[in-house]
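K.L.:
The structure follows.
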Amino acid sequence: MISLDTFTGGIFDTNCFFLPSPGILIDAPQGAAEWLTAQGHRVKTLLLTHGHIDHVWDAASIQRVHGCRVAYHADTAPMVTEADFFRKFGFGWDIEPVTPGELIEESPSCEIEGIDFQVLLVPGHCPGSLCFFHKTERVLFGGDVLFAGGVGRWDLPGGDRDLLFSGIKAKVFALDDEVTVLPGHGPATKVGIERATNPYLL
Ligand SMILES: [Zn+2]
Ligand SMILES: [Zn+2]
């Protein structure tokens, strides 16, 4: 069983996941920085599944406090490095921008802090949405792509329903049935369960 600590925070109840021994944090919802400190967790690399504000809220403060690497897809870069990015779309939010980090592309094999991940690019909920598949533990950190009984919304700026659905079917559903999916919101699920029962994808 994977060694993992989970925190859910912010007004959208956004999940983040911390892998203690490699020191990898996946996403940074509001309250994550404080939670990490309270738990005594030390982050070496912060991976961002995508640039939506509820997932990157604490990214800059975590980067500052932990001196960690921050990594994300190129399409995520403007969302996390421009403080007023979301204002262009009419949202009344500013973020504290991160110092530009490392760019990650889709890859069958990407080593991060000694862990071998398969990186899936599944846009449609948000441009640059990445899913990180921990190959040895058979766990997919999926962001807002696929939920237990649901999928990410596609009506936000840059969203595309067809792209989202085709990406899930071609990439996430290419993984084995027993792969655990840890989504950005809500409970864990399995690829096989979603392939068989997810009402959006039947
Ligand atoms: Zn999102
Ligand atoms: Zn979200």
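The values are calculated or read from the model by the stated rules, or taken from the named source; none is laboratory data. Please read these numbers as outputs of a predicted model, since none were measured by experiment. No Cβ is skipped: glycine too gets one built from the backbone with ideal geometry, and neighbour counts run over all protein chains shown. Note: accessible area is taken over every heavy atom of the protein model, side chains too, but ligands, DNA and RNA are not part of it. Shrake-Rupley method; radii C 1.70, N 1.55, O 1.52, S 1.80 Å.
K.L.:
Report Rg/Rh for the chain, rounded to two decimals, where Rg is the Cα radius of gyration and Rh the Kirkwood radius.
P.N.:
The Rg/Rh ratio comes out at 0.93.
K.L.:
I would also like to ask the following. What list of ³J(HN,Hα) couplings, whole Hz, do you get for the range 116-130 from phi and the Karplus terms 6.51, -1.76, 1.60, once you set θ to phi - 60° and write x for glycine and proline?
P.N.:
8, 9, 8, 10, 9, 9, 10, x, x, 7, 7, x, x, 5, 10
K.L.:
Enumerate the residues in the range 56-80 having an amide nitrogen under 17 Å from the point lying 7 Å beyond the Cα of Asp94 toward its Cβ.
P.N.:
57-61, 79-80
K.L.:
Enumerate the calculated ³J(HN,Hα) couplings along the range 100-108 in order (Karplus 6.51 cos²θ - 1.76 cosθ + 1.60, θ = phi - 60°), each rounded to whole Hz, writing x wherever the residue is Gly or Pro.
P.N.:
After applying 6.51 cos²θ - 1.76 cosθ + 1.60, I find x, x, 9, 9, 10, 10, 4, 7, x Hz.
K.L.:
Tell me which residues come under 5 Å, amide H to amide H, from Val181 once H is placed; ignore anything under 5 positions away on its chain.
P.N.:
Answer set, sorted by chain and number: Leu140, Thr189, Lys190, Val191.
K.L.:
Now for a different question. State to the nearest 20 debye the size of the charge dipole of the chain about its Cα centre, where the only charges are +1 on K and R beta carbons and -1 on D and E beta carbons.
P.N.:
The calculated dipole for the chain is roughly 140 debye.
K.L.:
Given a Förster distance of 30 angstrom, what is the FRET efficiency for Tyr200 paired with Asp177, based on the Cβ-Cβ distance and rounded to 0.05?
P.N.:
After rounding, the FRET efficiency stands at 0.95.
K.L.:
Additional query: So how much slack lies between Arg161 and Glu105, counting 0.36 nm per residue of separation and subtracting their Cα-Cα distance, in nm?
P.N.:
18.0 nm
K.L.:
Here's a follow-up. Counting helices only, and only those DSSP H runs with n ≥ 4, report the 222 nm mean residue ellipticity of the chain as the sum of -39,500 (n - 2.57) divided by its residues, in deg cm²/dmol to the nearest 500.
P.N.:
After summing the helix terms and dividing by residue count, I get -5000 deg cm²/dmol.
K.L.:
Over the range 11-96, what portion of Cα pair distances is larger than 19 Å, expressed as a whole percent?
P.N.:
Looking at the range 11-96, the distances longer than 19 Å represent 32 percent of pairs.
K.L.:
Under 12 Å from the Cβ of Ile112, count the other residues' Cβ atoms, weight Lys and Arg +1, Asp and Glu -1, and hand me the total.
P.N.:
Taking every Cβ under 12 Å from that of Ile112, the sum is -1.
K.L.:
Ranked from highest to lowest mean number of other Cβ atoms within 10 Å per residue, what is the order of the peptides 189-195, 53-59?
P.N.:
So the order, starting with the most tightly packed, is 53-59, 189-195.
K.L.:
Further, regarding this structure: Can you tell which of Thr37, Gly92, Pro123 lies farthest toward the positive end of the dipole of the chain, using +1 and -1 charges on the Cβ of basic and acidic side chains (Lys, Arg; Asp, Glu)?
P.N.:
Pro123
K.L.:
May I pose another question? Rounded to a whole number, what % of the accessible area of the chain do carbon and sulfur atoms account for, probe 1.4 Å?
P.N.:
53
K.L.:
What does the net charge come to around Lys190 if you take all other residues with beta carbon closer than 15 Å to its beta carbon, with K and R at +1 and D and E at -1?
P.N.:
-3
K.L.:
Which entries in the list Lys88/Lys171; Lys135/Lys171; Lys135/Lys169 go over 25 Å, if you measure between the two C-alpha atoms of each?
P.N.:
Checking Cα-Cα distances, Lys88/Lys171 exceed 25 Å.
K.L.:
Among Ala148, Gly114, Ala59, whose Cα projects farthest towards the positive end of the dipole of the chain, with charges put on the beta-carbon of Lys, Arg (+1) and Asp, Glu (-1)?
P.N.:
Sorting the options by dipole projection puts first Ala148.
K.L.:
Give me the accessible area per residue for the chain, probe 1.4 Å, as a whole number in Å².
P.N.:
43
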